[in-house]
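Nothing in this text is a laboratory measurement; each read-out follows from the coordinates by a stated rule. Just so it is clear, the structure is predicted and the values come from calculations on it, not from any experiment. FYI the Cβ positions are ideal-geometry reconstructions off the backbone, even for glycines, and counts take in every protein chain you see.
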Amino acid sequence: MHRHALFACLMALAVAGGAAKAEPRNAGWGAARPGVAGGCASCHFAGDPVTGSSAIAIDGLPDTVEAGVAYSVTLSFATPEARTAAFLASFDAGEVIAGDEALQLRRGAVRSPEAVAAPAAWSFTWRAPATPGDVVLNVVANAGNDDASPFGDVVHYAERRVAVE
């Protein structure tokens, strides 16, 4: 009897895990910060998420930007444990106005709807808000092991603060 219950649980996890590939297709748009309910680490859990990850590089976004000006941003993700990669990036102000054809945009956020081979890079254009102040960019990237399950994936987080003048 216990073997049947264990088998049923394992099968349910396998079926549920099939929906938890490396891509953030079902992740909420606000899931780019550590500790957010329903965030990437709630479905991908090889261990604790990596916060302040050096595996995520943010290029093209200076520490100080001009209000209303557009910037071409490239996010790169490279870590030894990743066979596949996907990301979600969210600015708390400004607007993502363009991106690689394969990306999904929504106001101040951008994500990859499909996993790609790792290491990976994604490019998009972000327009700074019209009013001066601080803007925070939160990025989450999933280092998938390409087994179409949440097991063995490692979630990485990075944050960049930008001053708008």
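Here is the P(r) of segment 50-133: all C-alpha pair distances, binned every 5 Å from 0, give 3, 14, 25, 24, 17, 10, 4, 1, 0 in whole percents.
Summing +1 for each Lys or Arg and -1 for each Asp or Glu among the other residues whose beta-carbon sits under 9 angstrom from that of Arg161 gives -2.
Electrostatic bookkeeping for Glu95 treats Lys and Arg as +1 and Asp and Glu as -1; over the other residues with beta carbon under 14 Å from its beta carbon, the sum is +2.
Per-residue Cβ neighbour counts within 10 Å put Arg83, Arg111 in the sequence Arg83, Arg111, beginning with the fewest.
Each Lys or Arg adds one and each Asp or Glu subtracts one; over the other residues with Cβ under 12 Å from the Cβ of Thr74, this totals -2.
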